[in-house]
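Peer 1: Once you've had a glance at the structure underneath, I'll fire off some questions.
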Amino acid sequence: VDLHIGTLSKAVGALGGFAACSGPVRELLLNVGRPLVFSTALPVPIVRAAHAAFDVADDEPELLQSLQANVASVALALGLAGHQTPIVPLVLGGAEATMAASSALRRRGYHVTGIRPPTVPTGTSRLRIALSARHGQLEIEGLVTALRDLGIAHGGTVPTQT
């Protein structure tokens, strides 16, 4: 493999990304890659934060297990067979309905961002659920109930985690 790329934002909680490669490939990316021509290196505190996140992942593997369980619970409860990532998009269509749902969820204590044009195409506005390893069973159940109360979600029950 000549190049490994990854994000440091969603999964790691920092920002930016990385390319791990040989020196010659690095030079090619830095000098020919148009998006990088006017870019600068990440600030040291961001790099340290990402490094610390990797240390936590190594030291606490149960966090990954908890995150995977939360993703599976939400996917099952919302009828999203096969969904495996902690970012769960629920396409509602209209921007106004999406932002109203986001506001209603916020009033109930759930920070679920509404995504609308120009970020997504017109007619595909969506709620963006971002799950974490630290979300508990009651929080997951409450979110699913709130989505159902708003008429957004249908489906099974949230399974009890062991």
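Peer 1: Can you report the number of residues in region 28-54 which are open to solvent by less than 100 Å² (accessible area, probe 1.4 Å) and over 18 Å from THR7 (Cβ atoms)?
Peer 2: Number of matching residues: 3.
Peer 1: For ALA101, only one of the following conditions fails: (1) farther than 30 Å from GLU62 by Cβ; (2) touching a Lys or Arg at 6+ places or on another chain (Cβ under 9 Å); (3) crowded, with 16+ Cβ neighbours inside 10 Å. What is its number?
Peer 2: Here ALA101 clears every test but (2).
Peer 1: Separate question: Of the numbered conditions (1) modelled with pLDDT under 95; (2) surrounded by fewer than 19 Cβ atoms within 10 Å (Cβ to Cβ); (3) under 20 Å from GLN68 (Cβ atoms), ARG148 fails exactly one; give the number of that condition.
Peer 2: (3)
Peer 1: Which residue pairs have Cβ atoms under 8 Å apart, sit 6 or more places apart or on different chains, and have a first residue in region 81-98 that is closer than 30 Å to ALA69 by Cβ and a second that is acidic (Asp, Glu) and surrounded by fewer than 12 Cβ atoms within 10 Å (Cβ to Cβ)?
Peer 2: none
Peer 1: Across region 75-112, what is the total count of residues that are among the hydrophobic types (A, V, I, L, M, F, W, C) and over 21 Å from THR124 (Cα atoms)?
Peer 2: Count: 2.
Peer 1: Checking ALA52 against (1) modelled with pLDDT under 90; (2) among the small types (Gly, Ala, Ser); (3) not in a strand (DSSP E or B): exactly one of these is not met. Which one?
Peer 2: Failing condition for ALA52: (1).
Peer 1: Is it the case, given these coordinates, that GLU96 is of a type in the set (Asp, Glu) and modelled with pLDDT of 95 or more?
Peer 2: On the way: of a type in the set (Asp, Glu): yes; modelled with pLDDT of 95 or more: yes.
Yes: the conditions hold for GLU96.
Peer 1: Moving on. Is there a residue in region 106-125 that is open to solvent by 50 Å² or more (accessible area, probe 1.4 Å) and of a type in the set (A, V, I, L, M, F, W, C)?
Peer 2: Within region 106-125, not a single residue is open to solvent by 50 Å² or more (accessible area, probe 1.4 Å) and of a type in the set (A, V, I, L, M, F, W, C).
Peer 1: Just the residues that are exposed (fewer than 13 other Cβ atoms within 10 Å of the Cβ) and touching a Gly at 6+ places or on another chain (Cβ under 7 Å), please, taken from region 55-92.
Peer 2: Of everything in region 55-92, just one residue is exposed (fewer than 13 other Cβ atoms within 10 Å of the Cβ) and touching a Gly at 6+ places or on another chain (Cβ under 7 Å), namely GLY79.
The values are calculated or read from the model by the stated rules, or taken from the named source; none is laboratory data. It should be emphasised that the depicted structure is a prediction, and the values quoted were computed from it without experimental measurement. All Cβ positions, glycine included, derive from the backbone under ideal geometry; neighbour counts span all protein chains shown. Please note that ligands, DNA and RNA were not included when accessible areas were found on the heavy atoms of the full protein model with its side chains. Shrake-Rupley method; radii C 1.70, N 1.55, O 1.52, S 1.80 Å.
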